[in-house]
Each structure stands twice: as C-alpha cells, then as structure tokens.
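A quick write-up on the structure given underneath.
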Amino acid sequence: MAEPKTKYDRQLRIWGEQGQSALEKASICLLNCGPTGSETLKNLVLGGVGSITVIDGSKVELGDLGNNFMVDESCVGQSKAKCVCTFLQELNDAVKAKFIEEYPEALVDSNPSFFSQFTLVVATQLAEDSMVKLDKICREANVLLIFARSYGLTGFVRNSVKEHAVIESKPDHFLDDLRLNNPWPELKRFAESIDLKVADPVAHKHTPYVVILVKMAEEWAKAHGGALPSTRDEKKEFKELLKAGMVAIDEDNYREAIEASFKVFAPRGISSDLLQIIHDSCSEVDSNSSDFWVMVAALKEFIVNEGGGEAPLEGSIPDMTSSTELYVNLQKIYLAKAEADFLVIQQRVKSILKRIGRDPDSISKTMIKSFCKNARKLKVCRYRLIEDEFSNPAVPEVQKYLTDEEYSVAMGFYILLRAVDRFSANYNSFPGQFEGEMDEDISRLKTAVVGLLNDLGCNGSTVTEDLINEMCRFGASELHAVAAFIGGIASQEVIKVLYISIPRTQCQHFTGYDGAVDLLQVKSFITSFSGSGLYIVESRVGMQMQRVLVMFKLCDIIDV
C-alpha cells in the first residue's frame, strides 16, 4: 500500500496535513446508497476518510444497473448496502467500511441515538418529514449533517449544522496585517533608524515601502494632533507628500508606498465581524465549551490587554522593493512580534483551560498558532433548523422570486421539490412514477403546489405549468449524471466542515434553459439543485443569511 503522503499527495497540497488528518479521523454514515449517495461516498473514500457505514434496506434491482456504477449484474437481488460497501472498500483498502441492511427512515424513528457515534451523516433521498426528524437528532448529538437528493434533472445539497467555527477561512481579499496605522515599538524603532533622505540613490530606492509609510504616517500624526489622514483631501495630500519624497522617477519603492497608502488610512482595531465573535455568548466558556471558543475567550482577553485593541499579528510580509538586508530585518521584526503575541495567547489559553477544569495542554501548540495567525479572519456559521426553513420562510422573498422572470425557475423548482413529498405522502408514489397516470398526476401535483404555497403564506402565488409538467416527467428518477454532480458537491461540503473551512454559504443555480449566470441574495432558507436545472446551497454566517444563485449551461451533461 502506498504511503499516505504519496497516496494523497495532490489533496495534501490543497488542505495540508491538518485537513487530511481530520478526514482520516472522520466516521461517516451514509443513508441510502443509490447513485447520489454512492457518488458522494466514493469521493470521500478515495480521499481517505477514516470509516464509513452504509445504511440501506433495499435490494439491488435491474434498474440500478443503469444509474449506479457501484453495482453490477451479479448484485441483482442482493443487499444494496452490502454490494456498494464492498465496491467502495475496493477503492481504498485503508478505509474501514461496514453496512447495515435497514431502511434509514425506520432507523431514524426507532433508534435516534444510533447516529451519535458518527462524526458526520450524509443523508440522501430522504423525504421532508425524515429530514426534519434527522436534523433534530443530529443537532442534539452535535453530529454534522449534510442532505443531498437528486430528482430527475433536479436535486439539492443542504448543510445543517448547529454551529460551524472556521479558523482558516481563506477569504479572497484581505488586507495584509502590516499595522502601518498602528506600529508597535520595535517596528517604530526600526523605521526611525533609517534615513529617508539618505544621499546614496541606491539606498534611497531600496528602502522598503513599509518603512516609508510608517515614518511618513508618524510625521503626519505629529503635525495633525495624532490623527492620520481621514478625509479625501487629507489622503490626497498624504500621497503628494509621498511623491515629493521621490528623488528619481524609477523609484519603485515609493510607487509601492503610494499604492499601499490606503493601508495607513484603514481604521485601527478589529473588524466588526471579529467584534461580534468575541462578544458572542459562547465566548463565556465552561468545561463543555469547544476548543474554538476557549481560544476566542483567550483572544478576547488579549485584545483588551496586551493587544491594545488589536488581534495577534500574523507575522508575514508581502514581497516588496528592498535591499536584502532591510527586508530580512523587517521580516524578523514581524515574526518576532507574531511569536510574542502567540506566546501570550497560548498562556491565556492554558489559564482558561485550568480555570474551567480541563487539561491546560489539551489544545495543541499547532492549533493555537494557526488560530493566532488567522485570528482576524475567524468565521462562525450557524445554520437554520430544517423545520424552521420549511415552516417559516421569508414570504416576501419567495413571492418576489416566484414572479421574477429571471429567477422564477429556481424558486419554482424549490417549491416543487417540496411538493412532490406531499404528493408521495398522499398517493404513496411520486408524480409520473407510473405510466398511464401522467395527466392525473399533473393535476394532483398542481393541487399539492397550491396547497404548499398557501400553507407558506404565499396565497395567490403559483408555479408555471411547464415546471409542473417537467417535474412529473422526471418520475422521481435518479439520473447518474445529475447524481454524480450532486455527489461531488456534497463530498466537497463534507470536506469543508471536517477541515474547519467555510462550507457553502451561497446558493448556486445551474440552468440549461437560458445558459445565464446570475447572483441572487435571498433571505428565505432555500436549498436545491437542478440540472435542467437548479442547485442551491444555503447557510447562515454569523447572524446574517446569504443567498446566491449562479446559473450556467449544462449542455455537456444534459441534452435540454
């Protein structure tokens, strides 16, 4: 067997050893191993997840051979859970695999404590009532939960976690932590030791822009009662002072200083997002608090005391025009400050752990160091209960997008994905599932849609007949192309929540109808996908809901 570092080389480059370790320690439970569930688990098994448990009470039928690559002709009549589990085990013999031949819905009702043994549950192809029950069970047991479902050319992926704390959020755009607007004593002394009016032109053009800005900001503050540039005119004047310091037109360091001058104008202290986190009620820790909130409590103390209103320094500096000697010295100053901040935080973490009756060394040095490095970028994701989403949507938003020409398809499929479960509960089958009943099923589904919209408070709203007809045409089938796509998304979400990265906080909408790409913010908690189509994923970041729909063509996958 290949060594793990060789076997997982490519993914280690993405999420590192910490992420891979989290994946290898995870115990995943899959409910229903049709094509959607099998494709989800396949990706995780290949990635090196620790163990899997497959729950499915059905037998392999001939129809399964056309959409599930994890079974073959020899499996017909046998336990689907056993056959899929055997195939997945062959993909990666380092993964522990077992199966239970039982219907997930029955297990949810009869043995809710069963799920507490897992790190994460991937629930596929569950109806609405089972989703609501399982969501409550997993939240009470603090088990991560991801729903996935494919339905013809539609489907959904939905994260449901009570709370997900993210240390390495990796935002696309974030200011370098240089503290140009609030330099600490060592950085000030280093800047003061350098003469910006040095006669040597080579030395002048190789002074780091960090030094230039720190010295110029200090001079400005002395002349303006301690205040830095704040108005548009003051900022313009400050840039003119930087330009005046140039002695030659080819001085890249001064051009860099002018371009980075906005970092001097940035407000001091921590962001509103971080302020909200450190003042969260969970920052008042006890023996049951997570490691994340213990470190947040230490961070809160640091900001008030040693930090002087600032988070711990990250310790890295960007590339810049500079002599090697000055750059290396500057780098050492930033690293030394970051290390000093880390040591203070580490000591505070140990003190807090001791105070709440836990082992002072239970949080590793590596974890605390990563926390300090990313302290400015912390995120806390809190997801709404499935039951709340279903029973208490934002009615104005739903009505708005049902009538919006651009987004009515997305909202229509979301409503239909819920309406087919009502249909099934009433008629013991899904619309279009049996030949010869299409016209009657269309009428029944239309009635179910009207009833659902009325129950949601959207009286008078409707879904187009074209979408209703399309939903009936699907016949609740699981198409492999759509199932594989949804499985890929679901497995990505699993890795994100295990790796303590940011899971999907946006809605993405794919449509083969118009080939458009759009973004939409919606306050109601929508979650769905359609290959013909639509895929929406949602969450709550902090206390603010964010929704985004993205639409694009699926011509390479589906003929529409």
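The values are calculated or read from the model by the stated rules, or taken from the named source; none is laboratory data. No experiment lies behind these values; they were computed from the predicted model shown. Note that each Cβ is placed from the backbone with ideal geometry, even for glycine, and that neighbours are counted across all protein chains shown. Quick note on the areas: whole protein, heavy atoms, side chains included, nothing else; ligands and nucleic acids left out. Shrake-Rupley method; radii C 1.70, N 1.55, O 1.52, S 1.80 Å.
The relative contact order of the chain comes to 18 percent, based on Cα pairs under 8 Å that sit 6 or more residues apart. The residues of the chain have, on average, 46 Å² of accessible surface per residue, using a 1.4 Å probe with all protein chains present.
With contacts taken as Cα pairs under 8 Å at a separation of at least 6 residues, segment 375-470 carries a relative contact order of 30 percent.
Computed about the Cα centre, the dipole magnitude for the chain is approximately 1980 debye when only Lys and Arg (+1) and Asp and Glu (-1) carry charge, each at its Cβ.
How charged is the neighbourhood of Lys205? Take every other residue with its Cβ under 9 Å from the Cβ of Lys205, and add Lys/Arg as +1 and Asp/Glu as -1. It works out to a net charge of -3. A protection proxy built from the mean count of other Cβ atoms within 10 Å ranks the segments 34-46, 262-274, 126-138, most packed first, as 34-46, 126-138, 262-274.
Positive-end ranking of Ile333, Ser323, Leu299 along the dipole of segment 274-340, with charges on Cβ about the Cα centre, is headed by Ser323.
Rounded to the nearest 5, what is the percent of antiparallel bridges among the DSSP beta bridges in the chain? Among the beta bridges of the chain, antiparallel pairing accounts for roughly 45 percent.
Taken about its Cα centre, segment 389-451 carries a charge dipole of about 240 debye when Lys and Arg each add +1 at the Cβ and Asp and Glu each add -1 at the Cβ. Of the options [x] 0.99; [y] 1.16; [z] 1.32, only one is Cα Rg over 2.2 N^0.38 Å as computed from these coordinates, and that is [y].
When the chain is described by a simple charge dipole with +1 on each Lys and Arg Cβ and -1 on each Asp and Glu Cβ, the residue from Phe174, Pro112, Gly50 located farthest towards its positive end is Phe174. Of the residues Ile270, Thr154, Gln20, the one whose Cα sits farthest towards the positive end of the charge dipole of the chain is Ile270 (charges of +1 on Lys and Arg Cβ, -1 on Asp and Glu Cβ, taken about the Cα centre).
Surface composition of the chain: carbon plus sulfur atoms contribute 50% of the solvent-accessible area (1.4 Å probe, protein chains only, all chains present).
Pairs spanning more than 29 Å between alpha-carbon atoms, out of Lys25/Lys170; Lys222/Lys379; Lys162/Lys350; Lys263/Lys337; Lys96/Lys496: Lys222/Lys379.
Across segment 295-412, the mean sequence separation of Cα contacts (distance under 8 Å, 6 or more residues apart), normalised by length, yields a relative contact order of 25 percent. The charge dipole of segment 1-157, taken about its Cα centre with unit charges on the Cβ of Lys, Arg, Asp and Glu (plus for the first two, minus for the last two), comes to roughly 460 debye. Think of it as helices only: each DSSP H run of n ≥ 4 in the chain is worth -39500 (n - 2.57), and spread over all residues that comes to -14500 deg cm²/dmol at 222 nm. Protection proxy ranking for 228-235, 383-390, 169-176, 56-63, using the average of other Cβ atoms within 10 Å per residue and placing the highest first: 383-390, 56-63, 228-235, 169-176.
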